[in-house]
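Enquirer: Before we start, here is the structure in question, set down as structure tokens.
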Protein chains: 2
Amino acid sequence: MTSTVAILGSGAWGTAMAVLLADRCRAVLWCRSAQRMREIADRGENSTYLPGVPLPGSVELSDLVPPADLYLVAIPTQHIRSTLEGLKLDRSTAAVSLAKGIEISTLSRPSEILSRWFDRVSALSGPSMAPEVARGLPTSVVVAGADADRAQRILMGPSFRVYTSRDLIGVELGGALKNVITLAAGICDGLRLGDNAKASLITRGVVEMARFGASMGAEPQTFFGLAGIGDLITSCTSPLGRNLYVGRQIGEGRRLEEVLRGMVHVPEGVWTCRAVEELARKRSIEMPIAAEIFRILYEGKDPRAAIRDLMTRTPKAE
Amino acid sequence: MTSTVAILGSGAWGTAMAVLLADRCRAVLWCRSAQRMREIADRGENSTYLPGVPLPGSVELSDLVPPADLYLVAIPTQHIRSTLEGLKLDRSTAAVSLAKGIEISTLSRPSEILSRWFDRVSALSGPSMAPEVARGLPTSVVVAGADADRAQRILMGPSFRVYTSRDLIGVELGGALKNVITLAAGICDGLRLGDNAKASLITRGVVEMARFGASMGAEPQTFFGLAGIGDLITSCTSPLGRNLYVGRQIGEGRRLEEVLRGMVHVPEGVWTCRAVEELARKRSIEMPIAAEIFRILYEGKDPRAAIRDLMTRTPKAE
């Protein structure tokens, strides 16, 4: 029997999943407003968030959440709570978070937020730029948490490989932290420091991610897999990445508010950076890159000085 | 007292090191032939290998190897033996290999080749595209082996950070193996598979590198540092990379001989791939990516089929 997958959230990632799943599931794309739903239906595509990708006719649009075998929650981390509030949801349905971030008001991971509404929550992460997934380009992701096997069975397809992991915390923190390191990589690009410097920064970024993860209960090696370095490489090198874009603009001398003014919504790293800074401070975790990004974004530090401070602080044995 | 550094080899990397060291050492760039030396002297730059970078006046050119505090051996791996044969060299001078490869005729690492001529050999590796180093852009590398501390002291500068490592085998194999994985990443680019697929391939490539390294006596974690993933990221993403270029051309449907015909010399990965295939076969090391690259380059396998075979072979838990 065909599974029903309800995708909560009609941004780029939710829409891409609907397109991906259309040929093998009953895919229902939940839209927050009836107006939004009509727009997508009329144009046959989500022209705001995933322009140029036609929505297959078999994707159902709905402004009510239908009963389903799986919920995919594709809502930006900072908006999950306010979006789900007041919706009629079935607690016993397995929910998979597709969000990558940490909620700044509570310092919670997306799966922790979702556990208020669902008994069985897992998280999916990895290098998965939405437009590529929607176009059927080969993508590999990791899913961890309750019912990860079920999510794997339902979502796996020829162009979309789903691996399971036992490290829910690591999978989620990988996706959250990589956005912060990506901001740093973007700044490095904006300052025209070259590919040698950028690669060093990414390499040290993963070590920093793993250190943070370990102190939060994750397995360090998760950060050296798809949900860590894999995702980080894509977001630091793909021209599609929005965190990279923000970083680059800042490296070129623009201010955060100015950069964000031109964007549909705030890239996750801009929020997560604040949550990471707070958690690192509370728990005394050494996060030199994240700390400098925080100072650049929120304390007006000059990006060039911040990167120089990073480049010169390291100890002499690797 | 100022140190004398003799750089053996006037390719891109050797010339870049001469430019880098000119302001803090007596830097002598050894050229294989008097003619080559005159060419560089006349033009004030190495227009064959490092065009557009003026050679500082303080760099000395020589077709004899002078007495020195440090030799930097910047000769492509497959040519080290034939180049050093017959030169007058001081065995007791510390030698640092800058080569990244495995000699196919003997399956030796560069430092093993050099130990025939020198008592104290170390190796330097990491994300270090020569044109960026020559332009003074920030670069971080790792040096391991006998006298690594001395090499660090002499080579370290404001734009060139040198870390020491105790893992000579890992540092050398990282530099060798990354060229093979880079060929795969280039093929992925040439086939237009997207950044998600490329990042997955790189992520699995590092795991494969670490596995190979471990079975050769290296520390697996070295491959997750500058000399492994760091260098791999640069060579898989920088437009300056020659292994990436070869891979991309092959992904676009050209044959190896055809691609190499247009190049000044054969990128190291093309050789190392053969050495790795042989070592992996002899020692039964599972190297799926390297094996497919070998089949594409030397057995005429279709790149698209090879990548498909790679994408579908993986186990279900990461």
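Enquirer: Can you tell me which residue among B:239, B:267 is closer than 26 Å to residue A:233 by Cβ and touching a residue at least 12 places away in the same chain (Cβ under 8 Å)?
Expert: Step by step, each of B:239, B:267 is checked, and only B:267 is closer than 26 Å to residue A:233 by Cβ and touching a residue at least 12 places away in the same chain (Cβ under 8 Å).
Enquirer: Additional query: Among helices (runs of 4 or more DSSP H) lying entirely in region A:171-280, which contain 1 or more residues that are within 19 Å of the chain's Cα centre (by Cα) and crowded, with 24+ Cβ neighbours inside 10 Å?
Expert: Once the helices (runs of 4 or more DSSP H) in region A:171-280 are filtered for at least 1 residues that are within 19 Å of the chain's Cα centre (by Cα) and crowded, with 24+ Cβ neighbours inside 10 Å, what remains is A:194-215, A:231-237, A:242-251.
Enquirer: Right, something else. Which condition number does residue B:287 fail, the rest of (1) more than 14 Å from every other protein chain (Cβ to nearest Cβ); (2) buried (at least 16 other Cβ atoms within 10 Å of the Cβ); (3) over 27 Å from residue B:163 (Cβ atoms); (4) touching a Pro at 6+ places or on another chain (Cβ under 9 Å) being met?
Expert: Of (1) more than 14 Å from every other protein chain (Cβ to nearest Cβ); (2) buried (at least 16 other Cβ atoms within 10 Å of the Cβ); (3) over 27 Å from residue B:163 (Cβ atoms); (4) touching a Pro at 6+ places or on another chain (Cβ under 9 Å), only one is false for residue B:287: (4).
Enquirer: Report yes if some residue within region B:131-140 is of a type outside the set (Lys, Arg), away from chain A (no Cβ under 14 Å) and in contact with a strand residue (DSSP E or B) (Cβ under 9 Å, 6 or more places away or on another chain); otherwise report no.
Expert: Looking for residues that are of a type outside the set (Lys, Arg), away from chain A (no Cβ under 14 Å) and in contact with a strand residue (DSSP E or B) (Cβ under 9 Å, 6 or more places away or on another chain), one finds none in region B:131-140, hence no.
Enquirer: Right, something else. Can you name the residue in region A:218-237 that is more than 15 Å from residue A:163 (Cα to Cα) and aliphatic (A, V, I, L, M) and, of all such residues, is farthest from the other protein chains (Cβ to nearest Cβ)?
Expert: Ranking the candidates gives A:218 first.
Enquirer: A further question on this structure: From the list A:82, A:62, A:92, exactly one residue is polar (S, T, N, Q) and under 30 Å from residue A:180 (Cα atoms). Which is it?
Expert: Of A:82, A:62, A:92, the one residue that is polar (S, T, N, Q) and under 30 Å from residue A:180 (Cα atoms) is A:82.
Enquirer: Which pairs do you get when a residue that is of a type in the set (S, T, N, Q), found in region B:47-63, comes within reach of a residue that is part of a loop (DSSP other than H, G, I, E, B) and open to solvent by less than 60 Å² (accessible area, probe 1.4 Å), reach meaning Cβ atoms under 7 angstrom, with the pair 6+ apart or on two chains?
Expert: From residues that are of a type in the set (S, T, N, Q), the pairs are B:58/B:22.
Enquirer: Here's a follow-up. What do you reckon, is residue B:61 open to solvent by 40 Å² or more (accessible area, probe 1.4 Å), more than 22 Å from residue A:199 (Cβ to Cβ) and in a strand (DSSP E or B)?
Expert: yes
Enquirer: Where the second residue is of a type in the set (Val, Ile, Thr) and the first is more than 10 Å from chain A (Cβ to nearest Cβ) and lies in region B:158-172, which pairs have Cβ atoms under 8 Å and are six or more apart or on separate chains?
Expert: B:170/B:222
Enquirer: Go through region A:1-29 and report how many residues are open to solvent by less than 10 Å² (accessible area, probe 1.4 Å) and of a type in the set (A, V, I, L, M, F, W, C).
Expert: Qualifying residue count for the region: 11.
The values are calculated or read from the model by the stated rules, or taken from the named source; none is laboratory data. Keep in mind that this is a model prediction, so the values were computed, not measured. Quick reminder, even Gly has a Cβ in these numbers, built from the backbone with ideal geometry, and neighbours come from all protein chains shown. Ligands, DNA and RNA are stripped out before the accessible areas are found, and what is left, the full protein with its side chains, is counted by its heavy atoms. Shrake-Rupley method; radii C 1.70, N 1.55, O 1.52, S 1.80 Å.
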